[in-house]
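**Q** After the structure tokens below, expect a handful of questions from me.
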Amino acid sequence: MTIDSLGMGGAEMMLVNLVNHLAPGIRSTIITLSDNNPLIAKLHRNNVEVIPIRRSCRYDLSPVRKIKKVLTERPAQAVLCFDLFDYFFVHLALKGIRQKVPRVMVGVHRTWPDNIKDYTQTFAYARLLRGRDLVIAMSANQADILSKIYMIPRSRFRLIPNGIDTDYFDPSKVAGDKARIRAELGISPDAFVILQVANFSKVKRHEDSIAAFKHLGEHGDIRTPMLVLVGNGDAKRKRALQDLVAKDNLEGRVVFWGTHDDLRPIYKMSDCFTLSSRTEAFSMAAIEAMAMGLPCVITDVGGAREMLRDGIDGYLVPAFQPCNLAQAWLDVYENQATFDPVAIRQHVVENFSIAQCVHEYELLLG
């Protein structure tokens, strides 16, 4: 398997979950194109090897030679790349290999490009796909979009939604009830806590959540709302968001909680999960929150509509519409009794467990 890095992120966590739950007889080698890999600590299988390859810059091609060496010395049945960028390196490494060339699969965990440069490069990488290579999408909507904008034949795609460990993300296995956890965290028992778990990148549109929260305070009927932002990433962007919170006089009500090794207590003490992203593939954080029984308000992008049953598990709202986001939060607040945590969790258990996800990957891996 190849990935840009094992840093904190949804795609990276998906790879870790996948490797940890593969059948014992499957030996895995993970090649990362970085030496900054904090998620290595979460790998707990004995028959997995991680090979970090340091690059001098993003387009340093020296990893190609090292990847070729690994594939020559340890012939693989299949190679799973976690982006078309990583596929580019694997494609070059496979040239000239004399033994049987492994099947290559590309799991794409982004939908829309960040800018025209990103689009042009990804379009070029997609042109390298060979006859047997497959593209794995997290949702049908994502596959449709990727097929259209990058001109990849729809027949190349296989659909495997992300999965989570539903035995781990189980509210019954988290010590303490909501009131006790809030007391330990210094949260008022009367607060209506809206939780957003997302790295501080532009695509996550935290500014829309902040604007929605301001609108909620001006026009809503929630007496003690609180917006908790959990994540890491771009430090400069985080500071800009903190400045925005200060400018709008929302300090103390909009709080930044950094990252946590165990998010389950934070999910359990919250009342509503939210995402304001302008693009997503298939949010790991959202299905984690649903597995913990939380109603969700998320933007209707990527695989959201295939993940969340609108009006049952929460609400879907248009991206870039803070007023709609605020209204949906208010609707969750006013209709809390109508959202059944057990039913929300069961929906994830039946459709998005890591066991189902791994089974689909194992079928492709042969």
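The values are calculated or read from the model by the stated rules, or taken from the named source; none is laboratory data. Computed from a predicted structure; not experimentally measured. Backbone-built Cβ (ideal geometry, glycine too); neighbour counts: all protein chains shown.
**Q** Which one is farthest from Val358 (Cα to Cα), of the residues in the stretch 74-110 that are part of a loop (DSSP other than H, G, I, E, B) and among the β-branched types (Val, Ile, Thr)?
**A** Checked the stretch 74-110; the qualifying residue farthest from Val358 (Cα to Cα) is Ile97.
**Q** Run Gly293 past the list (1) in contact with a strand residue (DSSP E or B) (Cβ under 8 Å, 6 or more places away or on another chain); (2) more than 15 Å from Ser139 (Cβ to Cβ); (3) assigned to a loop (DSSP other than H, G, I, E, B) and report the number of the one that doesn't hold.
**A** The one condition Gly293 does not meet is (1).
**Q** Between a first residue in the stretch 193-218 that is in the same structural domain as Phe273 (by TED's automatic domain parsing) and a second residue that is surrounded by fewer than 21 Cβ atoms within 10 Å (Cβ to Cβ) and hydroxyl-bearing (Ser, Thr, Tyr), which pairs have beta carbons less than 7 Å apart while being 6 or more apart in sequence or on different chains?
**A** Val203/Thr279
**Q** Within the bounds of the stretch 30-38, is there any residue that is in contact with an Asp or Glu (Cβ under 6 Å, 6 or more places away or on another chain), polar (S, T, N, Q), in the same structural domain as Cys81 (by TED's automatic domain parsing) and not in a loop (DSSP other than H, G, I, E, B)?
**A** No, the stretch 30-38 contains no residue that is in contact with an Asp or Glu (Cβ under 6 Å, 6 or more places away or on another chain), polar (S, T, N, Q), in the same structural domain as Cys81 (by TED's automatic domain parsing) and not in a loop (DSSP other than H, G, I, E, B).
**Q** Run Ala76 past the list (1) within 28 Å of Arg156 (Cβ to Cβ); (2) modelled with pLDDT of 85 or more; (3) hydrophobic (A, V, I, L, M, F, W, C); (4) surrounded by 14 or more Cβ atoms within 10 Å (Cβ to Cβ) and report the number of the one that doesn't hold.
**A** For Ala76, the exception is condition (2).
**Q** On to the next question. Check Asp60, Asp86 and return the single one that is surrounded by fewer than 14 Cβ atoms within 10 Å (Cβ to Cβ) and out of contact with any Gly (no Cβ under 8 Å at 6 or more places or on another chain).
**A** Only one candidate qualifies: Asp60.
**Q** Any residue in the stretch 247-271 that's part of a strand (DSSP E or B): show its pairings with residues that are of a type in the set (Asp, Glu) and surrounded by fewer than 20 Cβ atoms within 10 Å (Cβ to Cβ) at Cβ separation under 9 Å, as long as the two are six or more apart or on different chains.
**A** Short answer, once both residue conditions are applied: Val254/Asp248.
**Q** Ok, one more. Test Asp114 against the criterion of being acidic (Asp, Glu), surrounded by fewer than 18 Cβ atoms within 10 Å (Cβ to Cβ) and outside any loop (DSSP other than H, G, I, E, B), and give yes or no.
**A** no
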